[in-house]
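Heads up: the structure comes next, in structure tokens.
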Amino acid sequence: MNKILILGASGLIGKAIIEEYKNDFDLYGTYSSSITNLPREKQFQLDITQIDRFKKMLKTINPDIVISCLRGDFNQQLEFHKQLATELKNSKGILYYFSTANVFDGDFSKPHFESDSCLAESDYGSFKIKCENTLQQIIGERAIIIRIPAIWGKNSPRMNLIKKGIEDNQVIDVYSNLECNNLLDTQLAKQLKYIIDNKLKGIFHLGSIDTMTQATFFERLINGLSDKKGYFTV
């Protein structure tokens with residue numbers, strides 16, 4: 001049974017991965033402030049600035065696979081992932097790195113594919129491009145890049161904000177001319193598992209099979225949560 005180390009296992013995506021993979025892999029995970037639902041002996045508190053502590057942990061666990069769901073300061077994340085890749089370079093470990101559709105947020109004129117050159121306008125998108133490039137430069141094809149859209153779940157931060165907005169009679173601003181793709185945390189975990197099980201390599205754009213404008217998505221979402229009207233503007 002392969003060992004998987006999930007970095008950021010207490011987050012939305014990390015929790016979904018644990019639930020989906022718990023019967024097929026030997027799972028370990030890190031958390032920053034809130035503990036995970038892994039056994040106590042297989043979860044470790046870790047801040048992304050604790051690089052020496054992380055290196056010792058990595059040597060002790062010796063994972064076959066590392067899945068990075070980390071969040072935090074961009075510069076600290078970049079340095080952390082650089083050190084992670086350097087450590088993995090001397091092993092056979094494979095890294096699955098969650099990136100973002102925002103690596104293309106400098107061009108909204110068309111859909112983008114895995115073979116397209118990245119063009120980011122936001123700091124977030126630019127950081128993710130740097131991290132993708134750094135990982136691939138250090139460990140090559142053993143860095144699998146997973147680009148994802150907005151992730152939703154029953155208790156996801158996005159969903160909780162929508163529910164809170166409805167309760168507080170807040171108006172949500174949305175775009176009627178922006179085509180979006182959205183994905184559930186549980187779907188994402190299944191898609192990644194398919195990639196892992198089939199040993200696929202490269203860059204992957206994960207999402208649902210349908211797209212719609214942001215306005216249409218929020219209209220359907222809010223109508224499914226409440227019978228109140230008029231809670232978004234376009």
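The values are calculated or read from the model by the stated rules, or taken from the named source; none is laboratory data. Model, not experiment: these values are computed from the prediction. Note that each Cβ is placed from the backbone with ideal geometry, even for glycine, and that neighbours are counted across all protein chains shown. Protein only, heavy atoms only, side chains kept; ligands, DNA and RNA dropped before computing areas. Shrake-Rupley method; radii C 1.70, N 1.55, O 1.52, S 1.80 Å.
With more than 18 Å from K110 (Cα to Cα), of a type in the set (D, E, K, R) and within 17 Å of the chain's Cα centre (by Cα) as the only criterion, which of K199, K190 stands out?
On the way: K199 fails: within 17 Å of the chain's Cα centre (by Cα).
Just a single option satisfies the conditions, and that option is K190.
Is it the case that S126 is open to solvent by 80 Å² or more (accessible area, probe 1.4 Å) and either hydroxyl-bearing (S, T, Y) or in contact with a Phe, Trp or Tyr (Cβ under 7 Å, 6 or more places away or on another chain) (or both)? No.
Checking each residue in the stretch 112-123 for being open to solvent by less than 100 Å² (accessible area, probe 1.4 Å) and touching a residue at least 60 places away in the same chain (Cβ under 8 Å) picks out H112, E114.
Put simply, of Q43, Q77 the only residue that is closer than 25 Å to W152 by Cα, more than 16 Å from the chain's Cα centre (by Cα) and open to solvent by less than 30 Å² (accessible area, probe 1.4 Å) is Q43. The residue that is least open to solvent (accessible area, probe 1.4 Å), counting only those in the stretch 163-220 that are touching a residue at least 60 places away in the same chain (Cβ under 8 Å) and of a type in the set (K, R), is K193. Considering the conditions (1) modelled with pLDDT of 95 or more; (2) in contact with a Ser or Thr (Cβ under 6 Å, 6 or more places away or on another chain), V171 is excluded by exactly one of them, (1).
Among the candidates D52, D47, D105, which residue alone is free of Cβ contacts under 8 Å to residues at least 24 places away in the same chain and in contact with a Gly (Cβ under 7 Å, 6 or more places away or on another chain)? Walk me through how you get there before you give the answer.
Values: D52 fails: in contact with a Gly (Cβ under 7 Å, 6 or more places away or on another chain); D47 fails: in contact with a Gly (Cβ under 7 Å, 6 or more places away or on another chain).
Sole residue among the options that is free of Cβ contacts under 8 Å to residues at least 24 places away in the same chain and in contact with a Gly (Cβ under 7 Å, 6 or more places away or on another chain): D105.
Of the residues making up the stretch 211-231, those that are modelled with pLDDT under 85 and part of a loop (DSSP other than H, G, I, E, B) number 6.
Yes/no per residue for (1) modelled with pLDDT under 95; (2) touching a strand residue (DSSP E or B) at 6+ places or on another chain (Cβ under 8 Å):
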residue	(1), (2)
N75	no, no
H81	no, yes
L84	no, yes
L88	no, yes
S91	yes, no
F98	no, yes
N102	no, no
E114	no, yes
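Select, from I139, I172, I151, I195, the only residue that is in contact with a Lys or Arg (Cβ under 6 Å, 6 or more places away or on another chain) and under 26 Å from A16 (Cβ atoms).
The conditions single out I139.
Considering only residues of the stretch 135-150 that are free of Cβ contacts under 8 Å to residues at least 60 places away in the same chain and more than 16 Å from the chain's Cα centre (by Cα), which is most open to solvent (accessible area, probe 1.4 Å)? So the residue we want is Q137. With respect to the conditions (1) within 22 Å of D47 (Cα to Cα); (2) more than 14 Å from the chain's Cα centre (by Cα), D107 falls short on a single one, namely (1).
Filtering G14, G29 for residues that are touching a strand residue (DSSP E or B) at 6+ places or on another chain (Cβ under 6 Å), part of a helix (DSSP H, G or I), within 27 Å of A150 (Cα to Cα) and not polar (S, T, N, Q) leaves a single hit, G14. Residues in the stretch 17-39 that are surrounded by fewer than 21 Cβ atoms within 10 Å (Cβ to Cβ) and over 21 Å from G153 (Cα atoms): N23, D24, F25, D26, P39.
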